[in-house]
Each structure stands twice: as C-alpha cells, then as structure tokens.
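Below is one structure, written out as structure tokens, with a few remarks after it.
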Amino acid sequence: METANGIVLVPGALPTERVEIELGSSKRGAARGVLTRILRAAPGRREPACADALRCGGCPLMIANTEVQRQIKLGFLRDACRGLPGSDTTDIDWITSPAELGYRRRTRLAWHGSSIGYRQFHSKRINDIAECIVLARPLRDAWTQVRACLAPSLRGEGEIHLQLTDADHVLVDLRAEHDQSPNLFEACEALSRSPAIAGVSLRTGETGHAASWGETQVRLLRAAGGSLEGPAGAFSQANDAVNAKLVEAVIELAEPEGRRVLELHSGIGNFTVRLAELAKTLVAVEQDPQAVRACQDNLERRGLRARVTVGDANHPPKGKYEVIVLDPPRQGAKALFERSDLLPGPKRIVYVSCDTATLARDLRIATAKGYRIERAIGLDMFPQTAHLESLVLLVHA
C-alpha cells in the first residue's frame, strides 16, 4: 500500500482500498503497518469463509473474491516478466483451481506443549485452531484425531506433517525438537490403528531416528490413472486437480517428442513419467536418494526408461540437451542459469516456479543470454493464499 511514507505492507488490506493503519516496524527493508479501519472497501472484498482467517494468516486472500485473487496473483507474474524480451507480446494464461476450499492434500502444523495449529503470520506463535477448511476432508478429520490422541502426550515443540495417500487415507509424520515421553509413542501406535490413518512416524531431535507404525510410503493418485509412490517426506504438489493441469501444461510447452530432455529437481517423477513416454532420451536429476529410487520404481512399473541420477541440479550430467524442464525450490536456479557451459544451449527451457521473486531474477539472467519469454502461465495451486505457481517457457533463437 502506498502512503506518504512510501510503500507499507498492510496485511488485511486489498488493492484500491482506503484504510487507516498504525505504522509498525520495518523488516528486510519494508515498512509494515497494522490495519485499524477500512474507510473504503474494495468491490471484491468479502467475509472470509473461515472464522480464524484473520488471526491465522495462512489464507490472507480469503477476504477477496475469486477475481480479485486472480488479478493480484497475475500481477506477481506480470511483474516477474515485465521488461524482459518477449514479455510485451506474451499474454499470461491462467489455470484456476476447481475447488476454492477443501483442496489441500498436505499440510504442516506446529505444536508447543499441547497447543497444535498454524504459526501466526511473521511469528513463531501458534494459533490453536479447531480445523482448516482448505484441507481435503480426510486431512480435516485426521487433524481432529491427532489433536484428541496426541496433544495430551506432546512435549516441547515440533511439527506435524499430514499428507493424503490414496483417496482417503492420511500419513502422519511428527518431528519433535525434544525427547518425548513413552506416552507419546503409545499414542502414536494407537493413532495408527485408526481406519483413516495409513501410518504414523515420529522423529525426535535427540536421536534423529524415526519410529513408525503402519505405512511410511505415500501413494499419489494420477488423474490419467495409476499412481506415483514414494517416501512420505518426498515433495508433492498440494492441489491434485491443479497439479494434473500443470503436468499437461509442462508437456505442452516442452514439446519433448523425439528430443533429448534434461529434467532438474525431478522428485518422485511428477513430470518424469510423462516426459519419459515421449522424449527420445531423458536424464532426470534429483538430490534426494530416496526420491530417486522412488522415481526409478515409478518408471519401471510402467515399462519406461530414463536415466535418473542423484546429484546437484546446478551441475547436471553433460549432454547435448534440446529441452530443459526444471522445478526448483523457492531459492530458484541462479547458479544453473549463470553457467556458461550449459546456457545458452537447449532451445527450450520450461521453468516451474513457486516464487516469483526468484523467478524474476532467473529470467533476467536467461534473457541476457539470448532467451526470450514465449509463454507464461499462472496456476492457482493455493486458493485463498498469496502463493502462486508459475510456468514460463523460454526459447532461444
């Protein structure tokens, strides 16, 4: 929000609104304010569907309707591409989520003592809330079971990861910062016997060794049929319906048919399986050895072949690649794009990003090497939040 004191970040305020604020402290060079009163509301403002939305901070855009959320997020991607070669002739496409609520297939909770919930925005304080309505129903039910079964036995601090496996079962993964009592181990075993819980694991900070009860592998159902299997801690997208559209969009932009393809940050094979079906050759790089083994198994079950290797995605195996597909973490791929021995080289780069700030930085590096933006797509992987999944196609003449 623009004020007489410059740009001030004000949680709870929407574009075009006129509000009263109290100026707070500055962090990382940005001033922050506290919303005290709305003088003129934006046309798209609405009452949040969750009573805890304002104090939780996990869904800051729940106060806005779908169109306002879309415009805000498209603005992030426009800013990332602005002024770069190809951006002035490229329209940004949008892929919406079929569900605004009940879409998330995984979540990360925190606990302090017996309090379980999400951490407050820009704080380590925990909001002990009853349920989260953006979670898929099995996760919401599991949250209730976790609270009832485990909360009385928890000590100190830690995190609880809930992840959907199959269509309606949940994996529960506890990561404790302190040693835990025998009562918690007994409670975990009891929780694992619940029909809706596929398995429970508990790792303490003292030993680092995980005790487990029931299943420890996740099974991700695919829209086209079949599934991907992997360790419970492996990365997976949070919205199955949007992820299915993301996979097909990646294939469309990559045009891998008959080409030599390099995939970076391949995980357990979210894109790898489809790329292997079409590419002339495929080399996939992933730093997690467990994810690599899972990816290899997912390919073998389908009778597909690819070279899947454990390694640093910034230093992939040498080769004459025609296409690169990459899906890096939030830190982006600065070191990769700065390499002169790899880029320029491949004619097409398909970049999947979960952070438009690092995306913008990497696009500047790539376009300085002769690439231009040919397609850009925003995907609403996380409705109600300010997070955006982006997909950009870079081509080299």
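The values are calculated or read from the model by the stated rules, or taken from the named source; none is laboratory data. Treat the numbers as computed from the prediction; the structure is a model and nothing was measured. Every residue, glycine as well, gets a Cβ built from its backbone with ideal geometry; the counts of neighbours run over all protein chains shown. For the accessible areas, the whole protein counts, side chains as well, though only heavy atoms, and no ligand, DNA or RNA atoms are used. Shrake-Rupley method; radii C 1.70, N 1.55, O 1.52, S 1.80 Å.
Overview of results
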item	result
Identity of the residue in region 179-217, under 30 Å from ARG274 (Cβ atoms) and out of contact with any Asp or Glu (no Cβ under 7 Å at 6 or more places or on another chain), that ends up modelled with the lowest pLDDT	THR216
Residue list for region 313-359, filter: in a strand (DSSP E or B), under 17 Å from GLU286 (Cβ atoms) and over 19 Å from the mean Cα position of the chain (by Cα)	ILE324
Unique match (being at pLDDT 95 or above, assigned to a loop (DSSP other than H, G, I, E, B) and over 24 Å from PRO344 (Cα atoms)) among ASN270, ASN243, ASN298	ASN270
Selection count where residues are at pLDDT below 95, under 30 Å from THR144 (Cα atoms) and either surrounded by fewer than 17 Cβ atoms within 10 Å (Cβ to Cβ) or of a type in the set (A, V, I, L, M) (or both), scope region 90-111	3
Test: residue in region 77-89 that is open to solvent by less than 20 Å² (accessible area, probe 1.4 Å), within 25 Å of PRO11 (Cβ to Cβ) and in contact (Cβ under 8 Å) with a residue 40 or more places away in the chain	yes
Options ILE38, ILE72; residue that is part of a helix (DSSP H, G or I) and surrounded by 13 or more Cβ atoms within 10 Å (Cβ to Cβ)	ILE72
Any hit, region 45-52, residues being touching a strand residue (DSSP E or B) at 6+ places or on another chain (Cβ under 8 Å) and at pLDDT below 90	yes
ARG364 vs. criteria over 25 Å from ALA244 (Cα atoms), at pLDDT 95 or above and assigned to a helix (DSSP H, G or I)	yes
Residue ranges of strands (runs of 3 or more DSSP E) in region 81-180 with at least 2 members closer than 27 Å to TRP213 by Cα and within 20 Å of the chain's Cα centre (by Cα)	106-112, 115-119, 157-165, 169-176
Region 112-126 residues that are modelled with pLDDT of 75 or more, paired with ones that are open to solvent by 30 Å² or more (accessible area, probe 1.4 Å) and aromatic (Phe, Trp, Tyr) (beta carbon under 9 Å, 6 or more apart)	ILE126/TYR118
Some residue of region 191-199 being crowded, with 20+ Cβ neighbours inside 10 Å, of a type in the set (S, T, N, Q), more than 30 Å from GLU67 (Cα to Cα) and free of Cβ contacts under 8 Å to residues at least 60 places away in the same chain	no
Residues (surrounded by 13 or more Cβ atoms within 10 Å (Cβ to Cβ) and at pLDDT below 95) located in region 317-334	GLY319
In region 354-397, residue most open to solvent (accessible area, probe 1.4 Å) [restricted to those that are closer than 14 Å to ALA333 by Cα and free of Cβ contacts under 8 Å to residues at least 40 places away in the same chain]	ARG361
Residue within region 197-207 that is in contact with a Cys (Cβ under 7 Å, 6 or more places away or on another chain), aliphatic (A, V, I, L, M) and assigned to a strand (DSSP E or B) present	yes
